[in-house]
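One structure below.
The values are calculated or read from the model by the stated rules, or taken from the named source; none is laboratory data. All values derive from a computational prediction rather than experimental measurement. Glycine also receives a Cβ, built like all others from the backbone with ideal geometry; neighbour counts cover every protein chain displayed.
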Amino acid sequence: MAHIIVVGNEKGGAGKSTVSMHLATALVRMGHKVGCLDLDLRQRSLGRYLENRAVTARKEEVALATPDFRDLPEIDKDQLKPGENLYDHRLSAAVASLEPGNDFILIDCPGSHTRLSQVAHSLADTLVTPLNDSFVDFDLLARIDPTSGDIKGPSVYSEMVWNARQLRAQAGLQPIDWIVVRNRLGAQQMVNKKKMGEALEKLSRRIGFRVAPGFSERVIFRELFPRGLTLLDLKDFGVQQMNISNVAARQELRDLMKALNLPGVEVSF
């Protein structure tokens, strides 16, 4: 069976689609077959990213390593069983169509709580949660006492992950490997980074996730999206001598891939 990677976070602007695109294309470049779904049916950031990639490949006549992207299939409501949810059926059908031919299925979730996102989390073998390195976004994972800074309890998102874990346990499936990725790390905010690191490590022991390094805030990511490109594609377009920022960003991707420790994946770029 394909290993399912879910990229989820109920706040927008944390870099979910950038992380999804780089993970998926990196896996393809390393020889794995990857299918992709975008559950943000309104914004479709990952879907548009991959559409841009197809346009660039045709225009530049370059063969780009690209995952197999599918839209959720339309389902006739008459096909539903009594009490069956339409969105559950669409997601199940999409996963079933991708599973036979792929080693990995990557599902990019919307930055809000939806039925599709909730079901996708219960399917996750690996859950990747990008988090801006700020206490504003820390609230996604836990509620904090504003005076003492102590953790008061898990957030609604953490509770959703807990429920997904319970559903998997009841079905006899392997536990979710949950990784919180620290994104948009600021080079100068050393005090904030230290406090965030301490808070995340403390919370990780309490609610059960691993912490991994993510991407710093870099202009290159905004420049790549319109062409559907990733850091690993630059040499295909004649960029032989990358600047220091691009080299550092590529190393961040390598470190993230290693931290995820996906089954059967040996990081080789």
When every residue in the stretch 226-269 that is on the phi > 0 side of the Ramachandran plot and surrounded by fewer than 12 Cβ atoms within 10 Å (Cβ to Cβ) is compared, the one modelled with the lowest pLDDT is Gly238
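Give the residue that is surrounded by the most Cβ atoms within 10 Å (Cβ to Cβ), with candidates limited to residues of the stretch 5-33 that are of a type in the set (A, V, I, L, M) and either more than 16 Å from the chain's Cα centre (by Cα) or within 22 Å of Glu74 (Cα to Cα) (or both). If you could, list the steps in order and put the result at the bottom.
As a first pass, look at the stretch 5-33 and keep what is of a type in the set (A, V, I, L, M): 5-7, 14, 19, 21, 23-24, 26-28, 30.
Next, only the ones that are either more than 16 Å from the chain's Cα centre (by Cα) or within 22 Å of Glu74 (Cα to Cα) (or both) stay: 6, 30.
Working: Val6: 27, Met30: 17.
Across the stretch 5-33, the extreme among qualifying residues is Val6.
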Test set (1) farther than 28 Å from His3 by Cβ; (2) buried (at least 19 other Cβ atoms within 10 Å of the Cβ) - Asp145 fails condition number
(2)
Determine if the stretch 199-208 includes at least one residue that is surrounded by fewer than 14 Cβ atoms within 10 Å (Cβ to Cβ) and in a loop (DSSP other than H, G, I, E, B).
no
The conditions are (1) in a loop (DSSP other than H, G, I, E, B); (2) at pLDDT 90 or above; (3) farther than 27 Å from Ala26 by Cα, and Pro175 fails exactly one of them. Which is it?
(3)
Looking at (1) closer than 22 Å to Val55 by Cβ; (2) without any contact (Cβ under 8 Å) to a residue 40 or more places away in the chain; (3) surrounded by 14 or more Cβ atoms within 10 Å (Cβ to Cβ), which is the only condition Glu223 fails?
(3)
Would you mention how many residues in the stretch 233-269 are in a helix (DSSP H, G or I) and either over 16 Å from the mean Cα position of the chain (by Cα) or touching a residue at least 60 places away in the same chain (Cβ under 8 Å) (or both)?
18
When the residues of the stretch 123-142 are narrowed to those that are at pLDDT below 95 and polar (S, T, N, Q), which ends up surrounded by the fewest Cβ atoms within 10 Å (Cβ to Cβ)?
Ser134
Please go through the stretch 209-232 and give me each residue that is farther than 30 Å from Pro175 by Cα and in a loop (DSSP other than H, G, I, E, B), ordered by number.
Glu217, Arg218, Gly228, Leu229, Thr230
